[in-house]
1. Got a sec? Which residues in region B:14-31 would a label at residue B:48 touch, if it sits 7 Å along Cα→Cβ and we count backbone N under 13 Å?
2. Kindly state, to the nearest 0.05, the FRET efficiency for residue B:101 paired with residue A:37, given R0 = 41 Å and r defined as their beta-carbon distance.
3. In peptide A:98-106, how many Cβ atoms from other protein chains are near each Cβ within 10 Å, on average?
4. Sort A:95, B:82 by Cβ crowding within 10 Å, fewest neighbours at the top.
5. Given a Förster radius of 45 Å and the C-beta distance between residue A:53 and residue B:14 as r, what FRET efficiency does 1/(1 + (r/R0)^6) yield to the nearest 0.05?
6. Based only on other Cβ atoms within 10 Å, what is the fewest-to-most ordering of A:93, B:43, A:102?
7. Give the share of C-alpha pairs in each 10 angstrom bin for chain A, from 0 to the last occupied bin, in whole percents, shortest bins first.
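Please treat every number below as a calculation from the coordinates, not as lab data. These numbers were taken from a predicted model, which means no experiment stands behind them. Note: ideal-geometry Cβ built from the backbone for every residue, glycine included; neighbour counts use all protein chains shown.
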């Protein structure tokens, strides 16, 4: 399993992080589909996917000439501290609660 | 990291410029809960079992099982919070405490009962996704 430092390094690149988030949200996709949205060349996308795979954040599956990638969010485990995650979660939700309370005045 | 199955809590406290009665409505009326938290079938009744529902994610069905433990109108609301299945399972209790102040309400949220042998809550990672990445970027900016 990758170290937290390695995962931070992997996700520090905004393009690479965008590819990972896209896979988390949209499920399995081919390099081609990812390239259409990434705004960089196909070899660059492939290289980013290679780094993500090496860090355990994505897995690949060959089907014919296409390689399909999907996110393996469990790869984030080394840097997921559930208390921080829930703290962030509740701050976000309580912000939304305050927004709702303001709207309830209107 | 302690290896014992010690329990820990997340506590968030805020001063809110609205009276407790109004916050209470937002915490206990299903259509209002849906606006700030999640879709639900909450009822303000002791022992009522309800679900909070969000998008399924990976091998998690997106359902949080809850049961009302404490109801003291305008003061205290507590429910169990049992998120997910299999390795994602986290059992905890969420307690809301409302204390009137001269300017509104002191709101306290405590989520307790986490065990330190459940270090990876992937379900939580999904909820906190955006905030999580925002924090990640902050951390990276400081690194």
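1. Within reach of a label on residue B:48, which here means backbone N under 13 Å from a point 7 Å along Cα→Cβ, region B:14-31 contributes B:25-31.
2. For residue B:101 and residue A:37, the calculated efficiency is 0.25.
3. Mean partner shielding for this stretch: 5.
4. Least crowded to most crowded, the residues run A:95, B:82.
5. 0.60
6. Fewest-to-most Cβ neighbours within 10 Å comes out as A:102, B:43, A:93.
7. 14, 38, 24, 16, 7, 1
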